[in-house]
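Visitor: Before anything else, here's the structure in question.
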Ligand SMILES: [Zn+2]
């Protein structure tokens, strides 16, 4: 199962209980121990790649996210 967090980034979640606490090393849910399917992992990797492409495109287009170094307060 894949969620999208408020920043638009994908998050991998357990297919069984829906929690987002997934051990990506063991590919299993922390909460219920259900294995994360290879299919879900592939889907997540794709979503992540898509997200980072979109972010890069946004940065190129000059979209300010509010997180960039340009928003640092300038010295008086
Ligand atoms: Zn679970």
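Visitor: Relative contact order of the stretch 2-60: what whole-number percent is it, with Cα pairs under 8 angstrom and at least 6 residues apart? Mind showing how you got there, number by number?
Guide: On the way: 64 pairs, mean separation 15.4, N = 59.
Once divided by the residue count of the stretch 2-60, the mean separation gives 26 percent.
Visitor: For the stretch 2-60, what log10 I(q)/I(0) values come out of the Debye formula at q = 0.14, 0.21 1/Å, with one point per alpha carbon and no solvent?
Guide: One equal scatterer on each Cα of the stretch 2-60 leads to -0.40, -0.76.
Visitor: Moving on. Stretched out fully, how many nm does the piece from residue 50 to residue 23 gain, at 0.36 nm a residue minus the Cα gap? Mind dumping the intermediate values first?
Guide: Numbers: separation 27, 0.36 × 27 = 9.72 nm, distance 2.18 nm.
Separation in residues times 0.36 nm, less the Cα-Cα distance, equals 7.5 nm.
Visitor: On a full-extension model of 0.36 nm per residue, what is the gain between residue 15 and residue 57, subtracting their alpha-carbon distance, rounded to one decimal in nm?
Guide: Answer, rounded to one decimal: 12.0 nm.
Coordinate-derived values only; no laboratory data. This structure is a prediction, so every number in the text was calculated from the model and none was measured.
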